[in-house]
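Student: Quick one: structure below, then a few questions.
Each value in this text was obtained by applying a stated rule to the coordinates, not by laboratory testing. What you are looking at is a predicted structure, and each value in this text was computed from that prediction instead of being measured. All Cβ positions, glycine included, derive from the backbone under ideal geometry; neighbour counts span all protein chains shown.
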Amino acid sequence: MKNVLVIGSTGQIGSELTMKIRREIPEGNVVAGYIPGAEPKGELLESGPAELADVRNAQQLADIVEKYGIDTIYNLAALLSAVAEKKPLLAWDIQMNGLLNILEVAREKKCAVFTPSSIGSFGPETPHVGTPQDTIQRPRSMYGVTKVATELLSDYYFHKYGVDTRSVRFPGLISNVTLPGGGTTDYAVEVYYSAVKGEEFVCPIAPGTYMDMMYMPDALGAAVHLMQADPSRLVHRNSFNIASMSFEPETLFAKIREYIPSLKVRYEVDPVRQAIANSWPDSMDDSCARAEWDWKPTYDIDSMTVDMIACLRRKLL
Ligand code: AKB
């Protein structure tokens, strides 16, 4: 991995992943791909090249890969679960037609491709506790449908054409740099902002709803580490369960109150998000990722909370 294209570089994951790869591979070209209206700014813009990279424009992608000699593509273009339910055709266009364009460019130019999957690739019939690596995947949301299809299409390009596709199923990601938008797990980010700003938090997810969550530094580590893993050890490719913590909303709120006792929360459950959350795993079994490429998270709910609050206090106050 030397010359890298990050598609969706200004999003929640992309904004931090692009900077991490630039720091780790200073001799490479790490291109920040963006779409109009989501242009990179500040350090992201100044620390390396940036190019318009709309996944629906195959020629644009091929030109970037050619221009920079790209060997690895991180494809982070996606509508998250709640917004994909409102715009299912657009979600399909970005997530599936976009992926096909990327995989075709990768086949022709011999690039490796990372396209994240998600806990959203599971559905109501999936075993919810200790969700196995290989199990029933029958999601009922458009987001989930595109994530299962992403896994299958990525494996297809590996088996049929030898394209080096790899992926993880991300839990809800908690971060303090760029806000997520339109996800089911967003509450677990937003509550930290409310807590630090001293505002009441209105929670769209009901008490008692367990979901897998992860702190962004662990998620970024997984995305980089998997693409550098020894391919001869990989039994699976698209996609690996990865896990670090699983909690219900009230557990997170109690943890934040250990540091900010004044946090006020009111529940106003959003039926769309709640139905999606109910269909997702409570906790995934990530033993295959641990065995095949030594996956190991570093943060738990306590260390994440300490770091989130410290970072947001510096950013917001
Ligand atoms: C979402 O909530 O849609 C995402 C996800 C878990 O994939 N954060």
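Student: Just to be sure I understand the model, the point goes 7 Å from the Cα along the line to the Cβ. What's the resulting Glu190 to Leu316 distance in nm?
Tutor: 1.3
Student: For the chain, find the longest principal axis of its Cα atoms and tell me its angle to the long axis of helix 301-316, 0 to 90°, nearest 10.
Tutor: 80
Student: In units of 2.2 N^0.38 Å, what is the alpha-carbon radius of gyration of region 29-72?
Tutor: Values: Rg = 10.4 Å, N = 44, 2.2 N^0.38 = 9.3 Å.
Ratio of Cα Rg to 2.2 N^0.38 Å: 1.13.
Student: When N is the residue count of region 193-236, what does its C-alpha Rg come to as a fraction of 2.2 N^0.38 Å? Can you show the working numbers first?
Tutor: Details: Rg = 17.7 Å, N = 44, 2.2 N^0.38 = 9.3 Å.
Here the Cα radius of gyration is 1.90 times the empirical estimate.
Student: Okay, next question. Specify whether the C-alpha gyration tensor of region 1-138 places it in the rounded, prolate or oblate class, a ≥ b ≥ c being the square roots of the eigenvalues: rounded for a/c under 1.5, otherwise prolate if a/b is larger than b/c and oblate if not. Each step should come with its number before you reach the end.
Tutor: On the way: a/c = 1.73, a/b = 1.67, b/c = 1.04.
Prolate, since a/c reaches 1.5 and a/b exceeds b/c.
Student: Next question, about the same structure. Using Stokes-Einstein with the Kirkwood hydrodynamic radius over Cα pairs, what translational diffusion coefficient do you get for region 235-311 at 20 °C and a viscosity of 1.002 mPa s, in µm²/s rounded to a whole number?
Tutor: Values: Rh = 15.1 Å.
Value of D from the Cα-based Kirkwood radius: 142 µm²/s.
Student: Another question, if that's okay. If you line up the long axis of helix 98-109 against the longest principal axis of the chain, both from Cα atoms, how many degrees apart are they, to the nearest 10?
Tutor: Helix 98-109 sits roughly 40 degrees off the main axis of the chain.
Student: Hey, what's the Cα Rg ratio for region 170-243 versus the globular rule of thumb, 2.2 N^0.38 Å? Don't skip to the end; give the middle numbers.
Tutor: On the way: Rg = 15.5 Å, N = 74, 2.2 N^0.38 = 11.3 Å.
For region 170-243, the normalised Cα radius of gyration is 1.37.
Student: Which of the lysines could a cross-linker bridge to Lys315, judged by Cα under 23 Å and excluding same-chain residues fewer than eight apart?
Tutor: Lys20, Lys41, Lys197, Lys255, Lys264
Student: So how long is each side of region 173-215 along the principal axes, counting just the alpha-carbon atoms, biggest first, in Å?
Tutor: So the extents along the principal axes, rounded to whole Å, are 26, 21, 17.
Student: Provide the percentage of antiparallel DSSP beta bridges, counting only those with both residues in the chain; round to the nearest 5. Please list the in-between numbers first.
Tutor: Details: 3 of 31 bridges.
Roughly 10 percent of the DSSP beta bridges within the chain come out antiparallel.
Student: Also, I was wondering about something else. What number, in percent, do you get for the relative contact order of region 238-317 if the mean sequence gap of Cα pairs under 8 Å and at least 6 apart is divided by its residue count? Please report the intermediate quantities before stating the final value.
Tutor: On the way: 39 pairs, mean separation 41.5, N = 80.
Dividing the mean separation by the residue count of region 238-317 yields 52 percent.
Student: Taking the 0 to 90 degree range and rounding to the nearest ten, how far is the long axis of helix 58-68 tilted relative to the main principal axis of the chain, both from C-alpha atoms?
Tutor: 80
Student: Any chance you could list P(r) for region 80-140, counting all Cα-Cα pairs in 10 angstrom bins from zero, rounded to whole %?
Tutor: Taking all Cα pairs of region 80-140, the binned fractions are 18, 37, 34, 11, 0 percent.
Student: How would region 106-195 be classified by its alpha-carbon gyration tensor: rounded, prolate or oblate, with rounded meaning a/c under 1.5 and the a/b versus b/c comparison settling the rest?
Tutor: Details: a/c = 2.67, a/b = 1.46, b/c = 1.83.
Note, shape of region 106-195 comes out oblate.
Student: While we're here: Quick one: Debye curve from the C-alpha atoms of region 174-316, no solvent, what's log10 I(q)/I(0) at q = 0.09, 0.15, 0.20 Å⁻¹?
Tutor: Ignoring solvent entirely, the Cα scatterers give -0.30, -0.79, -1.24.
Student: Okay, moving on. Work out the P(r) tail for the chain: percent of alpha carbon pairs separated by more than 25 Å, whole number. Don't skip to the end; give the middle numbers.
Tutor: Numbers: 23938 of 50086 pairs.
Pairs farther apart than 25 Å: 48 percent.
Student: Please tell me the relative contact order of the chain in percent, rounded to the nearest whole number, where contacts are Cα pairs under 8 Å and at least six residues apart. If you can, show how the numbers build up before the last one.
Tutor: Working: 655 pairs, mean separation 58.3, N = 317.
18 percent.
Student: Leaving out same-chain residues fewer than 8 places away, which lysines sit with a Cα under 20 Å from that of Lys67?
Tutor: Output for Lys67: Lys2, Lys109, Lys110.
Student: Under 8 Å for C-alpha pairs, at least 6 residues apart: give me the relative contact order for region 115-219, rounded to a whole percent.
Tutor: Numbers: 119 pairs, mean separation 27.1, N = 105.
Relative contact order comes out at 26 percent.
Student: Continuing with this model, one more query. What do you get for chymotrypsin sites (Phe, Trp or Tyr not before Pro) in region 118-183 restricted to DSSP loop and a cutoff of at most 12 other Cβ within 10 Å of the site's Cβ?
Tutor: Sparse-neighbourhood loop chymotrypsin sites (Phe, Trp or Tyr not before Pro): none present.
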